[in-house]
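The values are calculated or read from the model by the stated rules, or taken from the named source; none is laboratory data. Please read these numbers as outputs of a predicted model, since none were measured by experiment. Every residue, glycine as well, gets a Cβ built from its backbone with ideal geometry; the counts of neighbours run over all protein chains shown.
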Amino acid sequence: MKKIITLSMLTMASFAGHAELRINGFANLVGGLTSSDETLYGYDDKMSFSQESLFAIQISGDINDKMTATGQLVARGENDYKAEFEWAYITYSATDKLNISAGRLRLPLFNYSTSKDVGYSYHWLTTPNVVYNVPFNNLDGVKFEYSDYAGDWEYNLSTALGTYKGESLGAINEGKNTYLLSAEASYEWFKIRGVFGATKATLDLATSDSPSTLGFAAGLAAMRAAGFVELEDALQIRDDTGKFLGLSLQVDKFDWFVTGEITSVDVEDSFAAKDIAYYVTAGIRHEKWTPSLTYQKFKSDPEIKFQNLINQIATSGLPAANIAQLTGLAIGGQLAQDDEYNVWSATIRYDLDTNVALKADISKLSDDSGDVRDATLVRFAVNYVF
Amino acid sequence: MLPKRIYKPLLAAVLLSSVSGIASAELVVIVHPSNAATIDSTQVQRIFLGKEKKFADGNEATPINTVASNASREQFDTKILERSSSQVAAYWSKLVFTGKGIPPKELENDAAVIATVAADASAIGYVDSAAVTGAVKVITLN
């Protein structure tokens with residue numbers, strides 16, 4: 001009893017001692033379905049509301065004049081609306097121009113990274129999935145942000161350092177010693193942004209929930225057991241340098257806008273091929289309506305690496321069947337990363353109120369390496385902020 | 001002769017009323033009378049978008065907004081911020097949910113804005129010119 005009283009008094013004292021607690025939130029209710037027998041972004045031909053819907057609450061409070069604590073609790077439909085603290089960080093305003101944040105925060109990879117989840121803040125139904133769905137969006141670490149003016153130009157420099165944990169090929173993907181540098185400059189209606197990042201990535205294939213990835217993992221284990229340690233090391237993403245490059249250009253004349261962004265992700269010393277992804281989007285704003293068109297493209301074009309190490313399999317004296325198997329694995333594992341597709345989207349946004357937007361979108365994926373994955377998806381959304 | 005004489009004052013009256021009609025819908029930016037900083041529309045825009053926290057003379061700036069239902073608000077958003085009110089809301093949602101800023105406080109009406117600006121040396125607001133009183137200083141934007 002005594003403890004409870006002390007606790008509640010402490011809480012009261014701490015609320016009384018500092019300025020107000022700010023509570024904001026946002027919600028995206030997204031429903032969608034594909035045309036017959038097709039899948040896209042996790043949707044199929046039955047209406048689903050759980051793929052991309054989310055509800056979030058953000059609580060922030062000033063610790064003192066210079067420090068603010070922020071926590072963002074997000075419940076995602078794809079995780080059965082289990083709420084998780086996706087962000088939790090403390091920001092220190094060193095000067096009017098320099099902010100330092102530490103904790104779990106969004107890695108500023110893309111032009112729209114930081115507001116990726118806030119559907120209300122942009123014209124798309126969701127940020128371009130092909131470009132934005134990378135396994136390293138959130139960072140545990142520290143971020144420095146500097147912004148200033150040079151004449152009529154505004155510029156913003158940021159650097160982030162830390163670690164991330166995400167998912168690739170259904171397996172755990174971890175990045176240590178991650179760092180990211182980004183520079184942004186804008187002049188009235190024009191904005192340019194460049195970003196470079198690197199990490200020490202490890203992809204533990206054995207943790208995958210995908211049978212084909214698990215098969216690849218088992219094959220690599222057999223390769224190592226057969227004595228091809230160097231080749232197995234070369235193929236695996238194990239403490240290997242991953243590089244991220246991005247460039248974006250934006251023209252926003254208010255009545256109309258055009259934005260493009262291109263990124264490349266590469267783990268050179270591994271089975272993975274370099275991924276290039278980009279989008280171009282254009283739209284017009286007319287009173288409460290914002291119709292837009294977006295083209296997204298993804299390309300992963302493998303070239304066979306480690307040919308010298310692969311050649312050693314043939315001269316190892318193993319039975320011919322084993323040589324064929326292991327060589328096939330080393331080459332096939334790389335070629336399997338071959339991928340090319342594009343998505344066209346037509347989206348319309350309607351501003352129902354100053355904090356509610358309604359959207360509809362039709363997206364069509366065309367598989368450029370065959371037509372197996374061709375799909376058409378229709379989605380509707382309500383975006384809300386408070 | 002007579003028609004001409006009547007015509008003249010009438011025309012003047014029409015002109016006067018149309019001029020005052022424009023004047024009453026004019027938006028002005030106001031600050032505390034003690035504020036001596038030079039302020040242009042770019043600075044007003046930056047201060048109200050949270051990009052600039054100080055006036056040109058180095059003193060702290062506190063923007064005072066009005067609620068979306070106030071007529072001055074839409075005019076301010078389109079003319080000074082060069083965005084629709086929905087766009088401004090979208091802009092702030094981006095900053096709020098990235099911990100980069102807090103939108104300006106929104107007051108109910110012009111009278112509340114004038115009272116707040118008159119009482120706070122760091123405040124900057126906007127009102128319909130017809131509502132201006134001697135308690136605040138009007139900034140002429142070029």
Of all residues in region A:362-386 being among the small types (Gly, Ala, Ser) and within 23 Å of the chain's Cα centre (by Cα), which is nearest to A:Thr290 (Cα to Cα)?
A:Ala381
Lone qualifier among B:Ala119, B:Ala131 - being small (Gly, Ala, Ser) and in contact with an Asp or Glu (Cβ under 7 Å, 6 or more places away or on another chain):
B:Ala131
Checking the condition closer than 30 Å to A:Val118 by Cβ, away from chain A (no Cβ under 14 Å) and exposed (fewer than 15 other Cβ atoms within 10 Å of the Cβ), which residue from B:Ala112, B:Ala71, B:Ala130, B:Ala119 passes?
B:Ala71
If we scan region A:98-113, do we find a residue that is surrounded by 18 or more Cβ atoms within 10 Å (Cβ to Cβ) and β-branched (Val, Ile, Thr)?
no
Consider only pairs whose beta carbons are under 6 Å apart and that are at least six residues apart or on different chains; among these, list those whose first residue lies in region B:82-95 and is more than 7 Å from chain A (Cβ to nearest Cβ) and whose second residue is of a type in the set (Asp, Glu) and assigned to a helix (DSSP H, G or I).
B:Val88/B:Asp77
Which listed residue, of A:Thr70, A:Thr95, is farther than 26 Å from A:Gly170 by Cα and part of a loop (DSSP other than H, G, I, E, B)
A:Thr95
Within region A:123-144, residues buried (at least 22 other Cβ atoms within 10 Å of the Cβ), within 14 Å of chain B (Cβ to nearest Cβ) and at pLDDT below 95 come out as A:Leu139
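Residues are listed down the side, and each one gets a yes or a no for (1) at pLDDT below 95; (2) over 22 Å from the mean Cα position of the chain (by Cα):
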site	(1), (2)
A:Glu340	yes, no
A:Ser345	no, no
A:Asp353	yes, yes
A:Ala360	no, yes
Long-range neighbours under 7 Å by Cβ, at least six apart or interchain, first residue at positive phi within region B:50-62, second surrounded by fewer than 17 Cβ atoms within 10 Å (Cβ to Cβ) and assigned to a loop (DSSP other than H, G, I, E, B)
B:Gly50/B:Gly101
Could you list, ordered by first residue, the pairs with Cβ atoms under 6 Å in which the first is in region A:283-294 and surrounded by 12 or more Cβ atoms within 10 Å (Cβ to Cβ) and the second is assigned to a loop (DSSP other than H, G, I, E, B) and at pLDDT 95 or above, at least 6 apart or interchain?
A:Gly283/A:His123; A:Thr290/A:His123; A:Ser292/A:His123
